[in-house]
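S.K.: Can you read through this structure? Questions will come right after.
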Amino acid sequence: MKLYAISDLHLGYEANQRALSGMTSRPTDWLILAGDVGETAAHLELAFRELKPRFAKLVWVPGNHELWTLPSSEKKVRGRSKYDELIDLCRFHGVLTPEDPFPIVTIGGKEVRIAPLFLLYDYSFRPLHIPIGRAVDWAREEGIECADEVLLHPDPYANLAEWCHARCEITERRLQTSRNDLPTVLINHFPLREDLARLPRIPRFSIWCGTRRTEDWHRRFNAAVVVSGHLHIRSTSYRDGVRFEEVSLGYPRQWSGLITPDQCVREILSERTLARVTAAQA
């Protein structure tokens, strides 16, 4: 078996919906959907219908877009209740989520833990001299504002930072109780490190991109590879010998004519790549 990943399918765009039909079938392999599949439950269901027959298993983590409460929504479900509804939908389709036990799979004769995470952001990816209460205003000074400020609600938490911290504490406890002798694939929509949340054209967008609380998780939890999306900047980076993969597809203007969506389905782990990881960690 091999492990593949893609994120930011943004199925609200017709071009991205059409692109699903061109994705290669890999029926013995697993596929990670690392968030921002779309903005509605219907977008998730479309992805599941198209991709489930092509892969042995799907693994999903939420992005910010899935958690939006749109003005057009008939049901004004918000915050954690919206997340819980999406978890129920995934379970109906047999898709693994951050609320399920971390599965252990065998790749090339070696056991690997797959750890889908849901961690959000807390505005800490900002200069140290900017108080957290001024973070959004700091971004607005450059004409930058994330739609999350209107569409993503923290209910029942007081704010998104509080929800983020609660998710970090829950997830950290789960990872600490796991067998950390196994190589782990950490999966989160948002990058786990501030130095990877770099957007050259809109640098102050970084405040909506993660939390400093996860800066060393790749070392603490024996990561073989870390998977994320959100930035719409496909890349491979290394920190402390650990590979970080940003696996976004993005909006049509960001891939059309440049790359095929199928080429954005990134190989994350195989017998070959896992052997390299094991040798490096020995």
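S.K.: Taking H placed 1.01 Å from N in the peptide plane, check which residues at least 5 places from Asn64 or on another chain put their amide H under 5 Å from its amide H.
M.R.: Close amide H contacts, sequence-distant or interchain: Asp36.
S.K.: OK, next. Need one word for segment 232-271: rounded, prolate or oblate. Basis is the Cα gyration tensor (sqrt eigenvalues a ≥ b ≥ c); a/c below 1.5 gives rounded, then a/b vs b/c decides.
M.R.: oblate
S.K.: Separate question: What helices in the chain pass both tests, a Cα length along the helix axis of 30 Å or more and a mean Kyte hydropathy of 1.0 or higher, using whole DSSP H runs?
M.R.: none
S.K.: With n ≥ 4 as the cut-off for DSSP H runs, can you work out [θ] at 222 nm for the chain, using -39500 (n - 2.57) per run divided by the number of residues, rounded to the nearest 500?
M.R.: It comes out at -7500 deg cm²/dmol, rounded to the nearest 500.
S.K.: Something else: DSSP beta bridges in segment 179-282, what fraction antiparallel, as a percent rounded to 5?
M.R.: Of the beta bridges lying entirely in segment 179-282, close to 40 percent run antiparallel.
S.K.: Follow-up. Counting DSSP beta bridges with both partners in segment 1-128, what percentage is antiparallel, nearest 5?
M.R.: Of those bridges, close to 30 percent are antiparallel.
S.K.: Rounded to two decimals, what is Rg over Rh for the chain when you use alpha-carbon atoms and the Kirkwood radius?
M.R.: That ratio equals 0.94.
S.K.: Counting only residues 5 or more places away or on other chains, whose amide H sits under 5 Å from the amide H of Ile268 once H atoms are built in the peptide plane?
M.R.: So Ile268 has HN proximity to Leu3, Tyr4, Ala5.
S.K.: Which ³J(HN,Hα) values, rounded to whole Hz and listed in residue order, are derived for segment 126-142 from phi using the Karplus coefficients 6.51, -1.76 and 1.60 in 6.51 cos²θ - 1.76 cosθ + 1.60 with θ = phi - 60°, glycine and proline given as x?
M.R.: Once θ is set to phi - 60°, the couplings for segment 126-142 become 8, x, 5, 7, 8, x, 4, x, 9, 4, 5, 4, 4, 5, 5, 4, 9 Hz.
S.K.: Residue by residue, what Karplus-based ³J(HN,Hα) values in Hz, rounded to whole numbers, does segment 240-246 have, using 6.51, -1.76 and 1.60 with θ = phi - 60° and x for Gly and Pro?
M.R.: 6, x, 9, 8, 10, 10, 9
S.K.: Moving to a separate point now. With a 1.4 Å probe and every protein chain left in place, work out the accessible area per residue of the chain in Å², rounded to a whole number.
M.R.: 43 Å²
S.K.: Ordered by residue, what ³J(HN,Hα) values in Hz, to whole numbers, does segment 220-232 give under the Karplus form 6.51 cos²θ - 1.76 cosθ + 1.60, where θ = phi - 60° and Gly and Pro are x?
M.R.: Along segment 220-232, the couplings run 5, 10, 6, 5, 7, 7, 10, 10, 8, x, 6, 7, 6 Hz.
S.K.: Considering only DSSP beta bridges where both residues belong to the chain, give the percentage that are antiparallel (nearest 5).
M.R.: For the chain, the DSSP antiparallel bridge percentage is about 35.
S.K.: Additional query: Heavy atoms only, probe 1.4 Å: what % of the accessible area of the chain goes to carbon and sulfur, would you let me know?
M.R.: It is 50 percent, rounded to a whole number.
S.K.: Among Tyr157, Tyr123, what's the order by accessible area (1.4 angstrom probe), most exposed first?
M.R.: Tyr157, Tyr123
S.K.: Taking a 22 Å limit on the Cα-Cα distance, which of the listed pairs Lys52/Lys76; Lys2/Lys110; Lys2/Lys82 fall beyond it?
M.R.: Where the Cα-Cα span goes over 22 Å, the pairs concerned are Lys52/Lys76; Lys2/Lys82.
S.K.: 5 Å is the cut-off here: which amide hydrogens, built 1.01 Å from N in the peptide plane, fall below it relative to Arg239, excluding neighbours closer than 5 in sequence?
M.R.: Excluding prolines and chain starts, which carry no amide H, the hits are Phe244.
S.K.: After finding the eigenvalues of the alpha carbon gyration tensor for segment 10-126, what semi-axes result from the square roots of 5 times each, listed largest first in whole Å?
M.R.: Those come to 25, 19, 13 Å.
The values are calculated or read from the model by the stated rules, or taken from the named source; none is laboratory data. Here the structure is a predicted model, which means the values were calculated and not measured. Calculation scope for accessible area: heavy atoms of the full protein, side chains included, ligands and nucleic acids excluded. Shrake-Rupley method; radii C 1.70, N 1.55, O 1.52, S 1.80 Å.
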